[in-house]
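Reading through the structure tokens given below for one structure.
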Amino acid sequence: MALTNLTLAELQQKFRARELTPLDAIDALESRIASVDPTVGAYLSRDVETARKLASEADVTKPLGGIPIGIKDVINVTGEPCTAASKILQSYRAPYDATVIRKLREAGAIPFGRLNMDEFAMGSSTENSAYHPTLNPWDPTRIPGGSSGGSAAAVAAREAFATLGSDTGGSIRQPAALCGCAGLKPTYGRVSRYGLIAFASSLDQIGPFARTTRDCGLLLNAIAGRDPMDSTSLDEPVVDATRLLGRDLKGIRLGIPKEYFVDGMDPQIRASVETAIRQCESLGAELVEVSMPHTEYAVAVYYIIATAEASANLARFDGVRYGHRSENPENLLDHYKKTREEGFGPEVKRRIILGTYVLSSGYYDAYYLRAQKVRTLIRQDFTEAYQKCDALVCPTSPDLAFKIGERTDDPLRMYLADIFTIAANLAGICGISIPCGFGEIDGSRLPIGLQFLGKPFQEAELLQIAHAYEQSTPWHREAPPLAA
């Protein structure tokens, strides 16, 4: 087996048995990246010299000792670029570590590389990067999902053992589904956002991508916990997220939300997800139909609340203290206008304009305030559903990976790619996407994702369910047909 095909758990075992060293892992990744990244485009940059130095000093007895972890380019790592895939931050280098990076280092891991994304995490295809699009390893004419497309594609293409991404409306789970890997969105407040460039502060959450649910749990163990630097991180006990792995599904009640099986969903996805649900039942789960009546409003609510928060958060990028600065402005106002015009891409501008509009005098009550009220109703839908079941099971995405450029001129159609993931962010619960089969379009074999949505702070229970299904199927062992 090629070294880059190893899971975190397998790599950890070989390090401790002295069959491999962290330097071997870095060298294998570099070789793999050189081979496939010219096609995939998952990475924006890598500091190989620093990674090799850290690898040579790594303590492999630590939980993630010596393991390289790819980082989405929206999370600060000291001394490295952190551009959010935007021209406005092209010259910026992080002066500090995000809390998740500090925690990864404490666990012995090595932050390795900056992974491509949609600019400021705004998008569902990674086509909105100011630098280059990332392509799907299963078919390089198609998108990998977004906004964490680089993080998902790197794991799927065996260019990373595991990565970190961020999920504001599905930006971990949707690309995980389209690239055929596991992607975990923790409960809001489980993981510190300090050092994450903010998109929508009440929705953003950092989480892991990996090839298995166990690896997701290992990474969550490292990054979870209360952080005094983030007032929204909650003082909940951090329990071992892998402690329930290996148990079957006997006694587990899985809710099937009828609103998540809609007309217009790709029939191949429906068939694969329904087969997966029957497989869960065969593993001992009890299936319960539940209703989430306010689901139909989730996309509209999200694109009011998220854009409003983005309008406020992105006001700081003005070229005064860091980042791109327009040349020869006539005055300060002209400086602001030119800097932001030159620095932001079209999708970011679109969302800032929309967010500013819904917060403006005369429209705040009609849009933003009303959206917050409906958000509460969506959260209540989950609370009531969880009285009947332990977790929900549904598709991650209504579509297989679509062609590059297919939806760039149709923002509304692009926004609907996240129709099954957005509600979890509005409610603040945890969710995971894992592979459950393949569909075919024009001769391309493309992954399908199965989504489990868990109760707040029950990531261990969520991973137990996902792991039981994962281990009963071959899908997580499949790799894209890229040349080695």
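For the reader, a short list of remarks on this structure follows.
- Tail fraction, Cα-Cα pairs, the chain, threshold 45 Å, whole percent: 6
- Other residues lying with their Cβ under 9 Å from the Cβ of Pro257 contribute a combined charge of -2, Lys and Arg counting +1, Asp and Glu -1.
- Couplings 3J(HN,Hα) for the stretch 113-123, derived from phi with the Karplus relation 6.51 cos²θ - 1.76 cosθ + 1.60 (θ = phi - 60°), are x, 10, 9, 5, 6, 5, 3, 6, 6, 9, x Hz, where x marks Gly and Pro.
- Angstrom value of the Kirkwood radius, inverse mean 1/r, which spans all Cα pairs in the stretch 305-378: 13.6
- Taken one residue at a time, the phi angles of the stretch 179-196 give Karplus couplings (6.51, -1.76, 1.60, θ = phi - 60°) of 9, x, 10, 9, x, 10, 9, x, 4, 4, x, 6, 10, 5, 9, 5, x, 8 Hz. Gly and Pro are set to x.
- Close amide H contacts of Ser397 (hydrogens built in the peptide plane, cut-off under 5 Å, sequence separation of 5 or more or a different chain): Gly449.
- Debye, to nearest 20: dipole size of the chain, +1 on Lys, Arg Cβ, -1 on Asp, Glu Cβ: 620
- Pairs of alpha carbons in the stretch 119-173 whose separation is greater than 14 Å (percent): 46
- Adding -39500 (n - 2.57) for every DSSP H run of four residues or longer, then dividing by how many residues the chain holds, sets the calculated 222 nm ellipticity at -10500 deg cm²/dmol.
- J(HN,Hα) series, the stretch 312-324, from Karplus relation 6.51 cos²θ - 1.76 cosθ + 1.60, nearest Hz, glycine and proline x: 6, 5, 7, 5, 6, 8, 10, x, 7, 9, 7, x, 4
- In this structure the amide hydrogen of Ser45, modeled in the peptide plane, comes within under 5 Å of the amide hydrogens of Arg114, none closer than 5 places in sequence on its chain.
- Cleavage-rule hits (chymotrypsin sites (Phe, Trp or Tyr not before Pro)) in the stretch 133-192: DSSP loop, at most 13 neighbouring Cβ within 10 angstrom: none
- Amide H contacts under 5 Å for Asn128: Glu119, restricted to partners 5 or more places along the chain or on a different chain, H placed in the peptide plane at 1.01 Å from N.
Any read-out appearing in this document is the output of simple, stated calculations on the displayed coordinates, not a laboratory observation. Remember, it's a predicted structure, so these values are computed and weren't measured experimentally. Cβ coordinates were reconstructed from backbone atoms using ideal geometry, including for glycine residues, and neighbour counts include every protein chain displayed.
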